[in-house]
1. Look through SER28, SER24, SER55 and report the one residue that is hydroxyl-bearing (Ser, Thr, Tyr) and more than 18 Å from the chain's Cα centre (by Cα).
2. Give just the number: which of (1) hydrophobic (A, V, I, L, M, F, W, C); (2) over 18 Å from the mean Cα position of the chain (by Cα); (3) closer than 27 Å to ALA110 by Cα does VAL84 not satisfy?
3. When only residues in region 132-157 that are touching a residue at least 24 places away in the same chain (Cβ under 8 Å) and in contact with a helix residue (DSSP H, G or I) (Cβ under 6 Å, 6 or more places away or on another chain) count, which is farthest from PRO105 (Cα to Cα)?
4. Contact list please: Cβ distance under 8 Å, first residue in region 113-124 and at positive phi and free of Cβ contacts under 8 Å to residues at least 24 places away in the same chain, second residue acidic (Asp, Glu) and outside any loop (DSSP other than H, G, I, E, B), pairs at least six apart or on different chains.
5. When you look at SER27, is it among the polar types (S, T, N, Q) and farther than 29 Å from PHE99 by Cα, yes or no?
6. Which residue, of LEU40, LEU77, LEU69, LEU12, is closer than 25 Å to LEU103 by Cα, touching a Lys or Arg at 6+ places or on another chain (Cβ under 7 Å) and not hydroxyl-bearing (Ser, Thr, Tyr)?
7. Going through region 24-38 one residue at a time, which ones are surrounded by fewer than 17 Cβ atoms within 10 Å (Cβ to Cβ) and not in a loop (DSSP other than H, G, I, E, B)?
Amino acid sequence: AKFRFLKPALILILAFVVIVRVGSATSSVILKGAGMHRRLTLLVGLMAVGNLALSLTLVRWLGLVGVALGTAVPVALIAVFGLVPTACRRAQLSFAELFRNALWPALWPAAVVGLLLVASRSRLPATLPAVAVQLALSTAIYFALFLVAVGAGGRREYLRHVDVLLKRTPRRVSRV
């Protein structure tokens, strides 16, 4: 009860952890594919030890939020200073190229949509239909801005994938 105001922070912190883990997943795949299992194991082990130590330290003062922070900090540090740079070196890709080609086209549309959501949240009623409309509109705006951000070649590629997904039919499962 002492830190009730921190409860929404818990969700934001854990969402951040998911974003970082998903964002660095390709780095892990590159390291596995390159046979760099020992390096990957070392980095994940450091992440786990850091998570445990920091979570045990912060839980005393912040409760579950401390555990979430104890998870977020090592996950972010290992991703930013370990997984991604190692994968970039292995792929012979500079961080500037990675940022320009992979991160920036996804980040600036997200920032625009995030600002729109913050600006509109107090103007809409807190009802399920209003939230659903806001979600649908923000998704459509993000998708449109993302397609602008990736340029003509990327746009063709993403729209081709969407077309394939929309044309898929459920597979029948054969009896065994």
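Values quoted throughout were computed directly from the atomic coordinates according to the rules given, and no laboratory measurement underlies them. A quick note: this is a predicted structure, and the numbers were derived from the prediction, not measured. Using ideal geometry, Cβ is built from the backbone for each residue, glycine included, and neighbour counts are taken over all protein chains shown.
1. Only one candidate qualifies: SER55.
2. That leaves (2) as the condition not met.
3. The residue in question is SER138.
4. Here the result reads none, with nothing in region 113-124 linked to a residue that is acidic (Asp, Glu) and outside any loop (DSSP other than H, G, I, E, B).
5. Judged against the criteria, SER27 is not a match.
6. Just one listed residue meets the conditions, LEU40.
7. ALA25, THR26, VAL29, LYS32, GLY33, HIS37, ARG38
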